[in-house]
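One structure is given here, and the rest of the page talks about it.
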Amino acid sequence: MTLIISILLFALYRQLVTEQQNQVQQRLMGEMQRYQQLALNVDRRSFAAQVRAADPRTALVAWRNSADLIGALSLIPEDIPLLPQTVDFPILTGGPDRLHILTGGLAVTAYGPVLIATRTDHLAALIKKFIRAAATAVALTIVLTLALGLLFSKAILRRLVQYNRLAIRIERGQYDTRLPISWRQDEFDMLAGQFNRVLDTLEHNLNAVRGVTDNIAHDLRTPLSHLRIGLEQLKDQEPEARAEACEGLIEELDHCLATFDAMLSLTRIEEGKQQLDLQPLSLQQLCQDLVEMAGVLAEEQEQQLSLSLGREYQLSGDKHLLFQALFNLVDNAIKYAGHGAHIELVQQGPVLEIRDNGPGIPDEAKERVFERLVRLDPSRNQLGTGLGLSMVKAILSRHNAIIRLLDNDPGLVVRIQFQP
């Protein structure tokens, strides 16, 4: 800022000096032309009278008529150049300001050279005043800039200290801490907003990890307890009963291993580590295969499973994984819709809907059910890993599809939209 103001003041100074020089030059050239024209039109005596009558406020004129020097000056200095060339020279006067600085040159006329000059010391004084004013302005600007810079740096330092203090709280595990955002909406506020969003994600992920940990503890505590009790009782059982007891223990252990296998498989799918066996697929054919395989399960619950096909849609996908995800959704509808429910698969182009008239899912739980190990049964007594819908969403995401849960009034609608 100070540099810019200094450059502007210097530019103004140069413009002022140039303008004053141009005005002096124009005045002297105008007077030269006037006296040259005057010498051509009047006699010598009249020319001398005009020189004597020259207004010193316009120009100081001196002309040597024979031995006499006529005009406002008592002498003509040596080495005065011919106009338009000029030179500065001093003169002494009888007033309070005895020394004056003149700028002038010689004009060649029909009656000889005429010295034409004008005062420029007042111009120099004006330029000096401008320089002093400019220096004062620059000094004030520097002082003001330093003062504002000091205040600004203190404000920044104060905010940085506050951010550092809050960062220490976050480092100590207080993840609900957030950086303040002021009304200024400056770069620090933008950074604080971004950092707060990161903290929101971090806190959400930590809560999710805690939730998964709690769910794993609930899900595995019962089968592990059964395993421990079964192993303790195994040594006291008769040899012929041990085989049946071992089968039960193996089943409990298989359930534990299935949970971990499902979690590992889900992680590989979400992170893209599991390669997809892509091939052209018909969405209509997938729906027909689903109804054919799930029909037996629906008959056991005395449910009606119907299929409505619309415009054909071809996609590229992993047939095994995609069928697994869609069958999981149909199996859930059969499992939770209730005895005698009506389940319908409706396909229209890239959209597939699985509708049922069961109890449905509350609105507040429609997004939460896609999280790992989440079950809507608080007692967690129903058999399952709680990873089914998480796996479904991961597989559909890998196939560039969007899944949404909607109300069917009554019941649930699972809408899957495949993207081209």
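The values are calculated or read from the model by the stated rules, or taken from the named source; none is laboratory data. Everything numeric here is computed off the predicted structure, so don't read it as measured data. Note: ideal-geometry Cβ built from the backbone for every residue, glycine included; neighbour counts use all protein chains shown. Accessible surface is based on the protein model in full, side chains and every heavy atom, while ligands, DNA and RNA are left aside. Shrake-Rupley method; radii C 1.70, N 1.55, O 1.52, S 1.80 Å.
When the test is whether a residue is at pLDDT 80 or above and assigned to a helix (DSSP H, G or I), V138 does not pass it.
Residues in the range 93-133 that are of a type in the set (G, A, S) and at pLDDT 70 or above: 7 in all.
Could you tell me whether the range 238-255 includes any residue that is open to solvent by less than 60 Å² (accessible area, probe 1.4 Å), at pLDDT 85 or above and either assigned to a helix (DSSP H, G or I) or more than 20 Å from R398 (Cβ to Cβ) (or both)? No: the range 238-255 contains no residue that is open to solvent by less than 60 Å² (accessible area, probe 1.4 Å), at pLDDT 85 or above and either assigned to a helix (DSSP H, G or I) or more than 20 Å from R398 (Cβ to Cβ) (or both).
Counting only residues that are at pLDDT 80 or above and assigned to a loop (DSSP other than H, G, I, E, B), the range 34-78 holds 2 of them.
Quick one: how many residues across the range 337-346 are surrounded by 17 or more Cβ atoms within 10 Å (Cβ to Cβ) and either within 24 Å of I269 (Cα to Cα) or not acidic (D, E) (or both)? Counting residues in the range 337-346 that are surrounded by 17 or more Cβ atoms within 10 Å (Cβ to Cβ) and either within 24 Å of I269 (Cα to Cα) or not acidic (D, E) (or both) gives 5.
When the criteria are applied in full, R172 fails the requirement of being exposed (fewer than 12 other Cβ atoms within 10 Å of the Cβ) and either small (G, A, S) or at pLDDT 85 or above (or both). Out of all the residues in the range 294-326, which are within 27 Å of Q275 (Cα to Cα), free of Cβ contacts under 8 Å to residues at least 40 places away in the same chain and open to solvent by less than 50 Å² (accessible area, probe 1.4 Å)? Across the range 294-326, the qualifying residue is only F323. Being farther than 30 Å from E252 by Cα and at pLDDT below 85 narrows it down to one residue among D318, D289, D356, D363; which is it? Matching residue, one of D318, D289, D356, D363: D363. A Cβ distance below 7 Å, combined with a sequence gap of six or more or placement on separate chains, defines the contacts here; from the range 396-407, residues that are within 16 Å of L283 (Cβ to Cβ) reach residues that are of a type in the set (S, T, N, Q) and modelled with pLDDT of 90 or more in the pairs A401/Q417; I402/Q417.
In the set N207, N215, N164, only one residue is exposed (fewer than 13 other Cβ atoms within 10 Å of the Cβ) and at pLDDT below 75; that residue is N207.
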